[in-house]
1. Being assigned to a loop (DSSP other than H, G, I, E, B), touching a helix residue (DSSP H, G or I) at 6+ places or on another chain (Cβ under 6 Å), open to solvent by 20 Å² or more (accessible area, probe 1.4 Å) and over 24 Å from Asp136 (Cβ atoms): is that true of Gly425 here?
2. Quick check on my filter: what residues within the stretch 152-168 are over 38 Å from the mean Cα position of the chain (by Cα) and either over 27 Å from Lys202 (Cβ atoms) or open to solvent by less than 20 Å² (accessible area, probe 1.4 Å) (or both)?
3. For the stretch 223-242, state whether one or more residues are modelled with pLDDT of 50 or more, surrounded by 10 or more Cβ atoms within 10 Å (Cβ to Cβ), farther than 30 Å from Arg502 by Cα and of a type in the set (A, V, I, L, M, F, W, C).
4. Can you tell me which residue is farthest from the chain's Cα centre (by Cα) among those in the stretch 295-328 that are under 23 Å from Tyr218 (Cβ atoms) and open to solvent by 10 Å² or more (accessible area, probe 1.4 Å)?
5. For His269, are the conditions met, namely being of a type outside the set (Lys, Arg) and at pLDDT below 90?
6. Of all residues in the stretch 456-486 being under 30 Å from Ser355 (Cβ atoms) and more than 20 Å from the chain's Cα centre (by Cα), which is surrounded by the fewest Cβ atoms within 10 Å (Cβ to Cβ)?
Amino acid sequence: MPMGIIRVCLVVITAIINHPLLFPKENGTVLENSQEIIQKMKEREESLRLEQLRLEQEIADQEATQKALEKAAEVVAESKEEKFRWDMWTALSMVIFLLIELWRQDFQEGNWQDIGGEEDDMAVLGKAFKGVAFPDKAVLASFYEKRILGTTGEMARMREMVEGFADDLLEALRSVCNRDADMEVEDCMGVGSMYENWRVRKPFVCDLIVPFAPPEPYCFRSQTWCSGDSFPPDEQGYGTIKVCRANEDVTGCICDKTKLGEDMLCLLHSQTNTTRPSREMEDLLCFKNTQYLDADQVMKWFQIAVTKAWNRISHKYEFDLSFSLLDSPGALKIKFRSGKSIAFNLTPVVQYENSDVYFISHFPRSSLATDLPSSIHWFLTFAVYERRFIQLVSKTLPANACHVSCLQILSFLHGKQCSLTGPSGLTNYHLKTVMLHLLQARPSQDWAPEKLEARLQDMLKFLEKCLHEKKLYHFFIGNGKVPAELGFPIIFQRAEPLNLFRPFVLRRDVYRKTVDTFHEMLRNTSALINEYTVHIPLAHTNGIHKESL
């Protein structure tokens with residue numbers, strides 16, 4: 001019972017305590033705080049939702065940018081791949097084109113060599129030969145005997161007379177020169193058609209070259225277009241000559257290429273032994289303010305020296321000596337009291353290193369010749385090696401070989417045609433170059449005397465081909481098949497071939513005139529030869545043909 005009363009009391013007390021009216025203020029505060037918390041939570045939720053939307057937008061933008069970059073990279077890669085394919089096809093096409101062109105040239109060259117033989121016929125010749133009546137063997141033999149063979153003895157007598165006089169003149173020249181200051185003149189050498197025995201056109205002119213060297217302590221150091229440095233196309237075949245002291249470094253010191261300070265001194269070269277452009281260099285015939293030998297200055301010096309030498313020995317001779325051509329400074333003429341005259345060329349040259357290649361100050365002019373780049377550029381002549389090559393090959397040919405005869409007949413025909421229609425771009429040197437190429441290409445037995453007609457046709461055909469292609473390469477430059485017995489400098493054998501017909505590409509008017517003159521010469525061949533040929537009886541002609549068969 002007491003326990004029940006106690007329990008009832010506890011219940012009543014608890015109800016009273018928990019009644020809301022007992023503590024009205026505390027319960028209201030709890031409710032208000034809950035609403036603030038809920039409001040803050042909603043605001044926080046809204047801010048988080050906005051932040052989430054912003055982050056989602058940024059992620060979307062980044063993904064779009066990444067896709068755009070990937071697409072651009074794919075486009076660039078595709079373009080590079082397409083460009084690579086195009087470059088590859090372009091290069092492949094160029095290679096195929098070059099191979100076809102090389103094959104075509106080799107095929108043409110091979111065909112040309114295949115048709116050369118005893119069975120040569122007019123049908124195998126080029127278009128220019130169609131309808132041309134070519135002289136037969138008997139007519140050519142008679143023409144050669146009557147018109148050309150008789151000039152051999154006259155040329156020999158003229159060579160002997162000119163060489164003897166030239167030696168005497170040069171000896172007098174040495175005596176009038178100052179041995180300590182002037183150039184040292186060596187003995188002269190005969191070159192060209194007169195000394196290779198194929199000159200046919202009169203007047204006969206001997207070509208003599210005179211090597212010279214500078215006085216001590218100077219020396220010449222030469223540089224050619226194929227010595228390593230780049231030369232423009234119009235300077236191929238030329239070189240320069242530098243006048244240096246004998247003890248000067250060939251390669252040159254860095255003090256010549258670098259501006260040293262005022263307080264710096266080169267330990268190899270002092271101001272006293274360094275060669276500087278000065279009046280001394282001009283006295284050594286150099287171009288103004290340079291160390292390079294001037295061809296014009298050399299010719300002026302040589303003409304003055306020759307004049308002084310002639311004045312010293314003129315009393316010994318019963319003729320006069322004078323310079324004959326203004327555009328050829330070394331052209332001299334001997335005038336006899338009877339009215340006759342003898343012309344010859346005496347031209348100073350500089351030896352290239354220890355070879356028989358020479359720098360020549362002036363070269364005979366032609367309609368195809370181009371002006372020198374400057375007076376410090378010297379043309380290289382290989383005339384000594386050309387003469388030596390002909391002599392070497394002649395020893396392997398049959399007796400009375402027809403190679404010189406072919407060149408003489410061709411030179412005669414071209415000279416006669418030029419006298420009728422005017423000069424052309426072809427020169428006797430071009431004709432000799434054709435013969436040199438054929439001498440190297442054909443077997444020795446093909447130059448037997450009875451094959452004169454066939455070999456002459458070969459030379460005309462080869463010349464026609466070169467004119468058509470505007471390509472006639474120098475025989476020695478770039479020719480790796482030069483006989484070792486000649487001792488020819490290897491630097492020129494390894495050089496790029498030099499096209500003697502390159503000016504035809506630049507001067508179309510001269511080319512057209514040259515081709516027209518060549519075709520006209522072919523049409524007039526029979527008439528020009530028959531004009532100088534003794535009448536041959538028909539029976540004799542038939543007999544010759546039977547023997548040849």
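The values are calculated or read from the model by the stated rules, or taken from the named source; none is laboratory data. This one's a predicted model, so the numbers in the text were calculated from it and none came from an experiment. Counting neighbours? That spans all protein chains shown, and the Cβs are built from the backbone with ideal geometry, glycine included. Just so you know, the surface numbers come from the protein's heavy atoms only, side chains and all, with ligands and any DNA or RNA stripped out. Shrake-Rupley method; radii C 1.70, N 1.55, O 1.52, S 1.80 Å.
1. Criteria not met by Gly425.
2. The one that is over 38 Å from the mean Cα position of the chain (by Cα) and either over 27 Å from Lys202 (Cβ atoms) or open to solvent by less than 20 Å² (accessible area, probe 1.4 Å) (or both): Phe165.
3. no
4. Of everything passing the filter in the stretch 295-328, Lys308 is farthest from the chain's Cα centre (by Cα).
5. Spelling it out, His269 is indeed of a type outside the set (Lys, Arg) and at pLDDT below 90.
6. It comes out as Ala484.
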